[in-house]
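Asker: Right, I'll just put the structure down here and ask away after.
The values are calculated or read from the model by the stated rules, or taken from the named source; none is laboratory data. Since the model is a prediction, treat every value here as computed from it, not as a measurement. Ideal geometry is used to build each Cβ from the backbone, glycine not excepted, and the neighbour counts take in all protein chains shown. Side chains are part of the model used for accessible areas, which takes the heavy atoms of the whole protein and leaves out ligands, DNA and RNA. Shrake-Rupley method; radii C 1.70, N 1.55, O 1.52, S 1.80 Å.
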Amino acid sequence: MQEGAEELKEIIKEDVWGSIKDFLDIGFHIGEGEKSIHLTIGLLLLLTVALVATKFILKWIRHIITRKMQQEDKQKFTSVFKFLNYVVYLIAVLVTLSAAGVDITLVITASAALFVGLGLALQELFKDILGGIFIIIDKSLQVGDVVEVDGKVGKVFEIKLRTTRAITRDDKVLILPNHKFISDIVYNYTQNHRTTREKVTVGVAYGSDVDLVTKILEEVAATQKQVLKNPKPFVLFEDFGDSALVFSVYFFTNDTFRDPRIKSEMRYKINTKFKENNVSIPFPQRDIHIIQPKQ
């Protein structure tokens, strides 16, 4: 009985596995010794399995990274994962060629030099793409945010992997490279909430009724449509200026993007109210004394 089992094992080992091994060894065999190249069916099957497994692993990683993102944000990562797929496939092909006996040292050296050159030439592009990835993942910038970059204010309407687009207050499109959001100082007016505090400053002549000025400024802020009732606007006596008493009316609005227009409308109203109540807005004056030279 034991002899029969041993005989069966030997048959399986020599006939079945031997036949499979012979089949997998079918292919191109060039050269002999260390410089020989063997491109076989087994090696190609191994490459195919490796590529398929890599594809599923990358899909799983992509799902893990983007599972909490909106569909629009997921689509922005398509080009990134395609690039990663190509890199992994290239590595798999090189490994297969190396296993077949092909000397890939020259190929790797040439590729390294090429990638270094490309990296130097496209470093700004890579910085923009990395910036876009960080923006999408950590939600540091979202569509609808009002931002100030390099003194320009705009409302974000589109975030891409390389650039962010915003509309300025004069209806011009501002295209911002994403690396600016990770390397430069950026003011986000609406990151935490949509409400911001703004102010309008005005000077009145010395001798003016400061209580009346305060009342007028509070009334103007209270009647302005875009100004919130809560938190309540308030007035501060800012300073004794060279030519005027300086007051500021502070108010809250949830329409920061239209802030210049709101302030302009308030200034019109303040000017009208001051004229009605005989409150003057002074302008700088200087006294010039001319000293005559002695004869």
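Asker: From the list Val146, Val156, exactly one residue is under 23 Å from Thr253 (Cα atoms), in contact with a helix residue (DSSP H, G or I) (Cβ under 6 Å, 6 or more places away or on another chain) and of a type outside the set (Gly, Ala, Ser). Which is it? Outline the logic, then answer.
Answerer: Working: Val156 fails: in contact with a helix residue (DSSP H, G or I) (Cβ under 6 Å, 6 or more places away or on another chain).
Every option except Val146 fails the conditions.
Asker: Please return the ranges of helices (runs of 4 or more DSSP H) entirely within the stretch 179-295 where 3 or more residues are small (Gly, Ala, Ser).
Answerer: none
Asker: Same structure, new question: Among the residues of the stretch 165-217, what is the count of those that are surrounded by fewer than 18 Cβ atoms within 10 Å (Cβ to Cβ) and among the β-branched types (Val, Ile, Thr)?
Answerer: 12
Asker: Go through (1) under 30 Å from Gln191 (Cβ atoms); (2) open to solvent by 70 Å² or more (accessible area, probe 1.4 Å); (3) out of contact with any helix residue (DSSP H, G or I) (no Cβ under 8 Å at 6 or more places or on another chain) and name the single condition Gln292 misses.
Answerer: Answer for Gln292: the failing condition is (1).
Asker: Does the stretch 118-135 contain at least one residue that is out of contact with any helix residue (DSSP H, G or I) (no Cβ under 6 Å at 6 or more places or on another chain) and closer than 18 Å to Asp259 by Cα?
Answerer: no
Asker: For residues in the stretch 119-159 being at negative phi and assigned to a loop (DSSP other than H, G, I, E, B), which is surrounded by the most Cβ atoms within 10 Å (Cβ to Cβ)?
Answerer: Among those residues, the one meeting the criterion is Leu141.
Asker: Can you list residue pairs whose Cβ atoms sit under 9 Å apart, with the first residue in the stretch 236-264 being closer than 23 Å to Asn192 by Cα and the second being among the aromatic types (Phe, Trp, Tyr) and modelled with pLDDT of 90 or more? Count only pairs 6 or more apart in sequence or on different chains.
Answerer: From residues that are closer than 23 Å to Asn192 by Cα, the pairs are Tyr250/Phe234; Phe251/Phe234; Ile262/Phe251.
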